[in-house]
Amino acid sequence: MKLKDKVAIIFGGTSGIGEATAMAYANEGAKVVVSGRKEQDGDRIVKAIKANGQEAVFAKADVTQAAEIKTVIDKAIKVFGQIDILYNGAGIHDNYKTAVEMEEDEYDKLMAVNVKGPYLATKAVLPHFIEQGSGTIVNVGSQATHVAGPGGSAYVTSKHALEGFTKQLAYDFGGKGIKANLIAPGFIETPMTEGIEDERLKDIPAKRAGKPEEVAALAVFLASEDSNYMHGSTVTMDGGWVVGR
């Protein structure tokens, strides 16, 4: 029960790593606000959490829209009375397009979800964290946080940017009782990686894809008091893929 009595908002919580994190946070005692664009999946996850005797609600939102993020924040406060953990896990891929192939509207959409989304959510939650003198932010990067190749021009740019944002949050707000860290997952079995050839596995020292539940366990650690002296850190979980790059 590492997160007992904590309230967590999970953006990007209706599938993949976000879904696994919502379940893991609830299993550790947190009250969870699951947020995403897919209401049916959100309701399914909330139902599963409640079936285990834990507390959760769903709040639909597009992370590129500040007004919709505010409704999620307001719902968390109304239902649970506080916010302790912000998990920014919403993200989209660019299908490995180069700077020549990527259209401007495609670039703008990806950056809006992958970079502006975490900014908007963090900006909305920070006043609550500052007022209570505590709070945790967990951002989700990628192998593309470190190297080129796991995505195209826009995706790799976005994940590098998110690492910088995480560092700046730690620098600006660490002294106010707020910690911010980033998870950099590798090749994980999620809807985003469906259809990608198994040939990639030969470059991973672990010789397998990761499980969402494995990344979720790391997200629990970063949200818990066990990581209280970690500020602005990037923690890689990729089966060793980047060590050979």
Problem - Ranked I137, I17, criterion: other C-beta atoms within 10 Å, fewest first - result: I137, I17
Fill in the blank from the handout: If every Lys and Arg gets +1 and every Asp and Glu gets -1 at its Cβ, then about the Cα centre the stretch 7-244 yields a dipole, in debye to the nearest 20, of 580
Exercise for the section: Round to a whole angstrom and tell me the spacing of the C-alpha centers of the stretch 74-139 and the stretch 5-23. Expected result: 13
Fill in the blank from the handout: Ranking G53, G149, F165 by how far each Cα lies towards the positive end of the charge dipole of the chain (+1 on Lys and Arg Cβ, -1 on Asp and Glu Cβ), the top one is G53
Practice task
Rounded, prolate or oblate: pick one for the stretch 80-132, where a ≥ b ≥ c are the square roots of the eigenvalues of its C-alpha gyration tensor, a/c under 1.5 means rounded, and failing that, prolate if a/b is larger than b/c, else oblate.
Solution key: prolate
Exercise for the section: Show me 176-185, 126-135 ranked by packing, highest mean number of other Cβ atoms within 10 Å first. Expected result: 176-185, 126-135
Exercise for the section: Name the long-range amide H neighbours of T234: under 5 Å, sequence gap of 5 or more, or other chain; modelled H, no Pro or chain starts. Expected result: L182
Handout entry: Whole-Hz ³J(HN,Hα) from phi, Karplus 6.51 cos²θ - 1.76 cosθ + 1.60, for the stretch 162-167, glycine and proline x
Key = 5, 5, x, 4, 4, 4
Practice task
Search the structure for amide H atoms under 5 Å from the amide H of K31, placed 1.01 Å from N in the peptide plane, and list their residues when 5 or more places away or on another chain.
Solution key: D5, K6, V7, A8
Practice task
Taking H placed 1.01 Å from N in the peptide plane, check which residues at least 5 places from Q54 or on another chain put their amide H under 5 Å from its amide H.
Solution key: none
Handout entry: Where labels lie 7 Å past Cα in the beta-carbon direction, separation of I130 and M230 in nm
Key = 2.6
Handout entry: Derived scalar couplings ³J(HN,Hα) [the stretch 203-219; Karplus, 6.51 cos²θ - 1.76 cosθ + 1.60; whole Hz; x for Gly, Pro]
Key = 8, 9, x, 6, 6, 7, 7, x, 9, x, 5, 5, 5, 4, 5, 5, 5
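Would you tally the net charge around D62, using a Cβ to Cβ cut-off of less than 14 Å, leaving D62 out, and scoring K and R as +1, D and E as -1?
+4
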Exercise for the section: Give a residue-ordered list of calculated ³J(HN,Hα) values for the stretch 220-230 (Karplus: 6.51 cos²θ - 1.76 cosθ + 1.60, θ = phi - 60°; whole Hz; x for Gly, Pro). Expected result: 5, 4, 5, 8, 8, 6, 4, 10, 5, 9, 9
Exercise for the section: For the stretch 104-147, just say rounded, prolate or oblate: build the C-alpha gyration tensor, square-root its eigenvalues into a ≥ b ≥ c, call rounded for a/c under 1.5, and beyond that prolate if a/b exceeds b/c, oblate if not. Expected result: oblate
Fill in the blank from the handout: What helix-only [θ] at 222 nm does the chain give? Using -39500 (n - 2.57) per DSSP H run of at least 4, over all residues, to the nearest 500, the answer is -12500 deg cm²/dmol
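Read-outs throughout are calculated quantities, based only on the coordinates presented, and are distinct from any laboratory measurement. None of these values were measured; they are calculated from a predicted model. Ideal geometry is used to build each Cβ from the backbone, glycine not excepted, and the neighbour counts take in all protein chains shown.
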